[in-house]
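For reference, the structure discussed in these notes is given below.
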Amino acid sequence: MASIGSFLDAIGDFGASLADVGWVSLGLGLLAFGIYLTLRSRAFFAVLRAAYPAERIQWRRIWGAYVAAYGFNNVVPARGGDVIKLFLTKTSIPHSSYPAVGASFAVEGVFDLAMGVLILAFAFSQGVFPKPPDFASLDAFDLSFLASHPRLALFGLTALGILLLVGFALLSSRVRAFWARVRQGLTILRDRRRYLREVFLVQLAGWGFRFTAYWLLLDAFNVGGSVRNVLLVLGVNAVAAVVPFTPGGAGVQQALLVKVFAGTASGATIAAYSVGQQIAIATFSLAVGFAALFLIFHFRSFKEVIAQGRASRAAEV
């Protein structure tokens, strides 16, 4: 309950500080964030083209699937938007399969993992980022619970692994075809030059805009943009991504940002920033995602997409 109270207090601080928000910086920051998502979708498009070279794929639809999923992930927990991304992407590529499209998601993770390790190494070296054992004392229930119960977390991961092995054993007749499709989704990784040119460098450019977006958002909420501060924010995002039990990492991000930036500005300013940034990005991405859903795919709600996706998946089983 303490974490909920802290989050509500931060929302109150955000509301009280609206008059001090730098709206120009906020608008430019969200624009930069939109460009970041667009470049990410372009890299994802390249992954899919490599997996399905004979099919005609429209980048417009891949972009729509990408931003719709990102927007939905900011309002539902456990990355529920990835289900939307999977369905919309699959239906945008003729003769595609769910295993191949799902495997293509992992290609993005190669760059993200490399950057995440470097950023977290920097964040922990600054002396302000809490060490993993200290996560238990943070006002973020999901993160503190896992840190306080490492054996339970390990048990959960082990149980999940066993369930996956049992599933493969029960579906052994389909496993070979399944893995063939998975390898298809990872095709671009076997062409290093193409991967570097069409995926890695495009994602790197996208991260440049993401970096710019957070710098501007730090300025907008009067915390102050700097290379160090942006890298700390990215470190917070990396930790929040590991425990996606709340929409957009809400709660985890707020608790870590307050801890990391203590002493940089007043407590009320940091609390307002921690919530204001999440609200701004969530509202922006949800609006763009819903517009893409309606204008490109002609769905009227996220609920309708999920229902169609479940029906489509059931029809293939």
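For segment 93-119, a residue qualifies if it is without any contact (Cβ under 8 Å) to a residue 40 or more places away in the chain and touching a Gly at 6+ places or on another chain (Cβ under 7 Å), but none of them does.
Take SER25 and tell me if it is in contact with a Lys or Arg (Cβ under 9 Å, 6 or more places away or on another chain), polar (S, T, N, Q), in contact (Cβ under 8 Å) with a residue 40 or more places away in the chain and crowded, with 18+ Cβ neighbours inside 10 Å. For SER25, the condition - in contact with a Lys or Arg (Cβ under 9 Å, 6 or more places away or on another chain), polar (S, T, N, Q), in contact (Cβ under 8 Å) with a residue 40 or more places away in the chain and crowded, with 18+ Cβ neighbours inside 10 Å - is not met.
Looking at segment 1-21, which of the residues that are outside any helix (DSSP H, G or I) and buried (at least 16 other Cβ atoms within 10 Å of the Cβ) is modelled with the highest pLDDT? Give the steps one after another, and end with the answer.
Filtering segment 1-21 down to residues outside any helix (DSSP H, G or I) leaves 1, 17, 21.
Of the ones still in play, those that are also buried (at least 16 other Cβ atoms within 10 Å of the Cβ) are 17, 21.
Working: SER17: 65, VAL21: 89.
For segment 1-21, the residue satisfying everything is VAL21.
Just to verify a result, which residue in segment 242-288, among those that are part of a loop (DSSP other than H, G, I, E, B) and at pLDDT below 80, is surrounded by the most Cβ atoms within 10 Å (Cβ to Cβ)? Looking at residues that are part of a loop (DSSP other than H, G, I, E, B) and at pLDDT below 80, I get GLY251. On the stretch given as segment 296-307, residues that are part of a helix (DSSP H, G or I) and free of Cβ contacts under 8 Å to residues at least 24 places away in the same chain total 3.
Taking segment 56-109 as the range and being within 19 Å of TRP179 (Cβ to Cβ) and of a type in the set (A, V, I, L, M) as the test, the residues that pass are LEU86, ALA100, VAL101, ALA103, ALA106, VAL107. Of all residues in segment 33-88, those being closer than 26 Å to GLY251 by Cα, outside any helix (DSSP H, G or I), out of contact with any Leu (no Cβ under 8 Å at 6 or more places or on another chain) and not charged (D, E, K, R) number 4. Among the residues of this structure, ALA205 counts as one that is at pLDDT 90 or above, farther than 25 Å from TYR98 by Cβ and either of a type outside the set (Asp, Glu) or in a helix (DSSP H, G or I) (or both).
The values are calculated or read from the model by the stated rules, or taken from the named source; none is laboratory data. Every value quoted in this text rests on a predicted model; they were computed, and no experiment measured them. Methodologically, a virtual Cβ is constructed for each residue, glycine included, from the backbone with ideal geometry; neighbour enumeration extends over all protein chains shown.
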